[in-house]
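Student: The structure that follows is given in the form of structure tokens.
Coordinate-derived values only; no laboratory data. In this text, all values refer to a predicted model and were calculated from it rather than measured experimentally. Because the Cβ atoms are built from the backbone with ideal geometry, glycine has one as well, and the counts that use them run over all protein chains shown.
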Amino acid sequence: MGKEIVSTVTALLPYPPERVWAVVTDLENWQWRSDLSRLEHTGKDAFTEYDKSGFPTRFTVTARRPTALWAFDIGNANLTGRWTGEFRPEDGGTRMVFTEHITPKKPWMRLFAKGYLRRQQARYLSDLERALERLADSGKK
């Protein structure tokens, strides 16, 4: 196993923490995610996401403080790690800080891991912003 790689993305969204939390943690309504083909519940605090090619990544929730913190362990054939999402009220919106720690299982993957994480995080944030805009436009809370 190689060394851990860490990537953090921060954003200030113009929506209350309750709304952002609701979208991010709603595992029934994951379709706003452009990187997923499906999501499967595998236990009370466990789920598996499948990317567009069908590649599975397993998640086990390790912390849940509604509207403030969501964290889980991550694992698939290529990596192990953990993800932490913090949600804080700021300027009438929500300051999000998403941090991902991964350890590639194959040494050569270290060369690409940081860039991969940054692209994934940017895509997730872009998808989340679109999902929140659609909710706001439809008048939902």
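Student: Can you compute the charge dipole magnitude of the chain about its Cα centre, using +1 on each Lys and Arg Cβ and -1 on each Asp and Glu Cβ, nothing else charged? Give it in debye, rounded to the nearest 20. Don't skip to the answer; put the middle values down first.
Tutor: Details: 23 positive and 18 negative charges, 89 e Å.
With Lys and Arg at +1 and Asp and Glu at -1, about 420 debye.
Student: In square nanometres and to one decimal, what's the mean projected area of the convex hull around the Cα atoms of the chain?
Tutor: Values: hull surface 33.3 nm².
Mean projected area of the Cα convex hull: 8.3 nm².
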